[in-house]
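The values are calculated or read from the model by the stated rules, or taken from the named source; none is laboratory data. Nothing here was measured: the structure is a model prediction, and the numbers come from that model. Quick reminder, even Gly has a Cβ in these numbers, built from the backbone with ideal geometry, and neighbours come from all protein chains shown. All accessible areas refer to the heavy atoms of the entire protein, side chains included, with ligands and DNA or RNA removed. Shrake-Rupley method; radii C 1.70, N 1.55, O 1.52, S 1.80 Å.
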Amino acid sequence: MNVLGRDRASASPSIPIAKPFLDTAEADAAHKAVLSGWLSQGQQVAAFEREFAALTGAGYACAVSNCTTALHLALLAAGVGRGDEVVTPSHSFIATANSIRYCGARPVFVDIDPATYNLDPKCVAEACNERTKAILVVHQMGMPCDLVPLLAVANHYHIPLIEDAACAIGSEIKIDGEWELVGRPRGSTACFSFHPRKVITTGEGGMVTTSDPEIDRKLRLWRQHGMNVPDTVRHSAPTVIFEDYVSVGFNYRLTDIQAAIGRKQLERLPAIIGRRRAIAHRYGELLAGLEGLTLPFEPEWARSNWQSYCVRLPDRLDQRTVMQNLLDQGIATRRGIMCSHREAPYRGDEQRHSLRQSELAQDHSILLPIYAQMTEDDQARVAGALMAELR
Ligand SMILES: *Cc1c(COP(=O)(O)O)cnc(C)c1O
């Protein structure tokens, strides 16, 4: 018995919900960055950006301190300001909605398609009007959202579409018969996270991709205090340069230590995603045909990176009880993706649109452990424990 009085399965080591995949390659890269004497945004950040742009096929990639700051700058670059409305899902990590608030704007929450946990394009079309300044879509849990009809809505209203791709590095979407990585981007910008819960990590970190040089220029200005000359340029200049501060910017810089780690993580990305896809496939086999359990749905035009593996429990089961029973066996799970409209900052807002599917998804889904190092035995334990709950 542990201090909580619960009988933990002492024989089996515990299975976490997620585990970052880093090794001595990342540690050595950080070590070198430290000894280089240049610690904040410098050559490592520039190289990380070039490699990220090459990977995603984006024209430009701008590194920032995390995905929340990435979203903030992306919305500002889209012209979102005080009193504007931005259509977005409630069913997302709260940073999605908060980034809209940072601009003084209001998130207009719309519902999801319960099959994919992603925005329902029909609901988005219904929610847009003259006051809508932008659409902020999410590739939830790494599953690409239905970009083609969503872009059609944005084009109809002549407004920018921003992709919250926090979880979606390496995810693929088929557009006009061709597969491409999320982040090219198809909207005006796409924002990525390198938090340890995502598929690759720099501890904290973010990236914004765009094909618009003017947006990229703004992002670069705003991420370092609105200063018109980067440190790297001033430092290496043979002549004295006086910088100007042309607007109220932010300090949203990534460090060279983080970027050096990120470059090594990018090299590992294909292997990490290969493992995650194999694990997701095996979950599909192990859990197939269980009465009342709904497995994730991958549309034929989408290939997830499986940042999370989400299953919907039958209504007769209590989510918290199932999660506790698994935890008692050393298996960590998480409940379905949160709904921002249920949290204090948004609870008082008028909700114009039904969010029923979002609430049901939060209350009846659980996320199962998934990480590159997960063994077949780990997975069999998770599947076995879940099956026992369903009997
Ligand atoms: C994790 C996450 C974020 C925030 O990313 P940070 O890098 O932690 O700021 C934003 N949106 C979604 C959908 C996320 O999952």
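Of the residues making up the range 176-198, those that are among the aliphatic types (A, V, I, L, M) and open to solvent by less than 10 Å² (accessible area, probe 1.4 Å) are Val182, Ala190.
Candidates are the residues of the range 57-74 that are open to solvent by 10 Å² or more (accessible area, probe 1.4 Å) and in contact with a Leu (Cβ under 7 Å, 6 or more places away or on another chain); the one that is nearest to the ligand (Cβ to nearest atom) is Ser65.
Just a yes or no: is a residue in the range 362-378 among the small types (Gly, Ala, Ser) and touching a helix residue (DSSP H, G or I) at 6+ places or on another chain (Cβ under 7 Å)? Yes - at least one qualifying residue is present in the range 362-378. Listed by first and then second residue, the pairs linking a residue in the range 246-275 that is under 18 Å from Glu49 (Cα atoms) to a residue that is among the basic types (Lys, Arg), with Cβ atoms under 8 Å apart and 6 or more places separating them unless they lie on different chains, are Asn251/Arg223; Tyr252/Arg223; Arg253/Arg223; Ala260/Lys32.
Being among the aromatic types (Phe, Trp, Tyr), open to solvent by less than 20 Å² (accessible area, probe 1.4 Å) and farther than 28 Å from Gln373 by Cβ: is that true of Phe109 here? So Phe109 fits the description; yes.
Summed over the range 147-175, the residues that are away from the ligand (no atom under 16 Å from the Cβ), within 21 Å of Pro270 (Cα to Cα) and surrounded by 21 or more Cβ atoms within 10 Å (Cβ to Cβ) give a count of 1.
Consider the range 327-356. How many of its residues are under 19 Å from Pro114 (Cβ atoms) and either modelled with pLDDT under 95 or open to solvent by 60 Å² or more (accessible area, probe 1.4 Å) (or both)? Of the residues in that region, 6 qualify. When the helices (runs of 4 or more DSSP H) confined to the range 292-391 are screened for residues that are farther than 30 Å from Val86 by Cα, those reaching at least 2 such residues are found at 319-328, 376-390. Restricting attention to the range 49-73, the residues being hydrophobic (A, V, I, L, M, F, W, C) and closer than 15 Å to Ser92 by Cβ number 3. Scanning the range 202-217 for residues that are surrounded by fewer than 21 Cβ atoms within 10 Å (Cβ to Cβ) and either more than 12 Å from the ligand (Cβ to nearest atom) or β-branched (Val, Ile, Thr) (or both) yields Ser211, Asp212, Pro213, Glu214, Arg217.
Rundown of residues vs (1) under 14 Å from Pro369 (Cα atoms); (2) open to solvent by 40 Å² or more (accessible area, probe 1.4 Å), yes/no style:
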site: Gly284; (1), (2): yes, no
site: Glu298; (1), (2): no, yes
site: Leu313; (1), (2): no, no
site: Gln319; (1), (2): no, no
